[in-house]
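Q: Quick one: the structure is below, and I'll ask about it shortly.
The values are calculated or read from the model by the stated rules, or taken from the named source; none is laboratory data. These figures come from a predicted structure and were not determined experimentally. Note: ideal-geometry Cβ built from the backbone for every residue, glycine included; neighbour counts use all protein chains shown.
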Amino acid sequence: MNSARSTFLGWGALIVAAGGGYYIAKRQLAVERKQAYEKAGVKPQVPMTWEQLKRETEGNSPPSNTPKPPT
């Protein structure tokens, strides 16, 4: 049977290995994505903040379909 020490050592090694794999994969995917954008000649979009999105769509909003309350 495994001792507490060997169990913690095993879990620790697993967590470190998984974290390292995640870091390397994330970095490699970012490089591949950047190369694909450069190859296509497209600039990656930066996500808009709520205020920017609201300002952009403020003048272009369609008329509201909700009925107005009677006065």
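Q: Out of all the residues in the stretch 1-49, which are assigned to a helix (DSSP H, G or I) and of a type in the set (Lys, Arg)?
A: Residues satisfying the conditions are 5, 26, 27, 33, 34, 39.
Q: Of the conditions (1) surrounded by fewer than 10 Cβ atoms within 10 Å (Cβ to Cβ); (2) modelled with pLDDT of 80 or more, residue 43 satisfies every one except a single condition; which number is it?
A: For residue 43, the exception is condition (2).
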